[in-house]
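None of the figures in this text is laboratory data; all of them are computed from the coordinates on show. Bear in mind that the values here come from a model prediction, so they are computed numbers and not experimental data. So basically every Cβ, Gly included, is an ideal-geometry build from the backbone, and we count neighbours across all protein chains shown.
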Amino acid sequence: MRNIMLLLILASLAGCKGTSNSSISTSETIGAETGEAAKNLKTLTLARQKWEQVGPSNYRINISFSGGEHGISNGQRIHEIISIVESGDVTNALQSPSEHSSIFGPYSYIDLAKNTTYTIDDTFDIISSKIKNTLLIGEVSYNSEYGYPESFEYFEESGDEALQFTLNDFYNPDQHTATLENLKSKPLGTSQEYYLNYSISWGFSSVSVNEVFSHVVSDQSIEKYFITQNESLGYTLDKHPSTMAEIYDFAISIASDLNQKSRYAIGNDGHLESIHTEGPYARTDSASHLTILSIKGVE
């Protein structure tokens with residue numbers, strides 16, 4: 001019996017010793033991974049988790065490159081790609097400098113099948129690869145709201161050229177359409193009748209300015225007329241919004257279009273004050289601007 005007890009005690013001690021060695025080994029492994037690369041990978045993981053949680057699947061982002069194969073290494077030459085992403089995939093992209101200098105402006109559309117384009121997920125993959133290959137230079141700057149990378153720099157595989165990435169002008173259409181939908185749902189006042197007056201300009205450099213007057217009752221225009229500066233452009237009254245609800249619908253359609261760069265302003269009364277769009281990125285001849293001049297009769 002005494003021999004059996006002795007054997008059990010020795011076996012127990014041996015088991016404890018094995019556990020101790022395993023713990024030390026794990027600690028050493030963790031220690032080996034806690035350098036600058038591990039710190040950067042941890043920050044990257046947290047930023048990517050935020051992006052996956054709150055980032056939209058539809059968005060527009062400007063990605064600028066300087067140095068490396070895209071230009072000289074001191075960053076004086078910058079190449080820019082505007083990625084239009086829908087459901088997580090690039091559906092359209094433009095580049096600057098444009099291959100064509102014309103009315104179509106500084107950007108030109110690029111062939112997605114022949115050119116490298118980037119989503120925000122792609123930039124996370126690039127950073128991860130550069131960290132693991134110890135090619136990352138310094139720290140990555142991440143956006144505090146969405147988590148996407150805003151700027152980073154790394155060495156090319158050859159090690160003698162540095163490439164800088166900068167991500168800016170992030171546009172989330174869902175955020176803007178939700179804001180406009182919310183404003184649209186708010187009543188103008190207690191009255192169901194009002195007189196709407198706004199100006200709207202279209203075309204190249206917005207040279208044609210029309211002023212619209214509309215008498216609205218219960219969200220229906222019962223009388224409408226306008227003054228135009230250029231009748232030869234062929235604008236008709238039917239092309240213009242008649243009520244504030246229609247103006248909001250116009251603003252929402254523009255805000256949801258990733259191919260147009262647009263902005264809007266909200267007045268002191270908490271309602272839409274103006275809408276401006278520059279039209280498709282690759283054109284400069286289709287800008288429009290709408291400004292609400294007055295809404296009378298609203299109490």
ask   = Using 7 Å Cα-to-Cβ label points, what is the ASP249/ASP269 separation (nm, one decimal)?
value = 2.1
remark   = Between GLU193 and LYS39, the two model label points (7 Å from Cα along the beta-carbon direction) sit apart by a distance in nm of 7.1
key: Additional length obtainable on full extension of the chain from SER294 to ASP111, 0.36 nm per residue less Cα span   = 61.3 nm
ask   = Using a basic spin-label model with each label point 7 Å from the Cα along Cα→Cβ, how many nm lie between VAL54 and ASP89?
value = 2.9
